[in-house]
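Structure, as structure tokens:
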Amino acid sequence: MKNKLFLASVLAFIMISSYGQKSYYFQTKDGAISGYDPVAYFTQKKPTKGTKEHSLVWMDATWYFSNEQNMTTFRDDPEKYAPQFGGYCAYAVAKGYTTKVDPTAWKIVDGKLYLSYNKSVRVNWEKSIKRYIKSAESNWPGLAGLE
């Protein structure tokens, strides 16, 4: 009886501890990047919707791909293709907070994918990309709960 009570207490603690924690990667009901294929930004040079037939879970987020090859490419090196700052808006992270993104407001800088809240925010972010990336890199560990 004591073992069952102990086990129930441990399970309750784990459930309470994980309740309300956000995933490292931003996702909507449609998955990470709202269901867009992260590899396509690099290979097709445009946002491309993924499909349920080509999906996988990585870092507690569901990622969708437009084809089998992109899914395999991501699976083999996800950190190369996943968006920076957990897929949250790069400009917002630079300013010290997180917010959702528009998957069509994107830019690849030095081989890394960055997403923005919308295209207007991306234009503003592009005015000083290097400074904003540096600031976001400084802010991200605290925002992601890594500190």
Completion exercise
Given pairs Lys29/Lys52; Lys49/Lys95; Lys80/Lys127; Lys46/Lys112; Lys52/Lys119 and cut-off 22 Å on Cα-Cα distance, the over-length ones are Lys49/Lys95; Lys80/Lys127; Lys52/Lys119
Handout entry: Cβ-derived FRET efficiency at R0 35 Å, Ser120 paired with Met59, nearest 0.05
Key = 0.75
Practice task
Take peptides 44-51, 127-134, 60-67 and line them up by average Cβ neighbours within 10 Å, highest first, as a rough protection proxy.
Solution key: 60-67, 44-51, 127-134
Exercise for the section: Compare the peptides 82-90, 27-35, 107-115 by average per-residue count of other Cβ atoms within 10 angstrom and give them in order, highest first. Expected result: 82-90, 27-35, 107-115
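Every number here is computed from the coordinates shown, using simple stated rules; none is lab data. Just so it is clear, the structure is predicted and the values come from calculations on it, not from any experiment. So basically every Cβ, Gly included, is an ideal-geometry build from the backbone, and we count neighbours across all protein chains shown.
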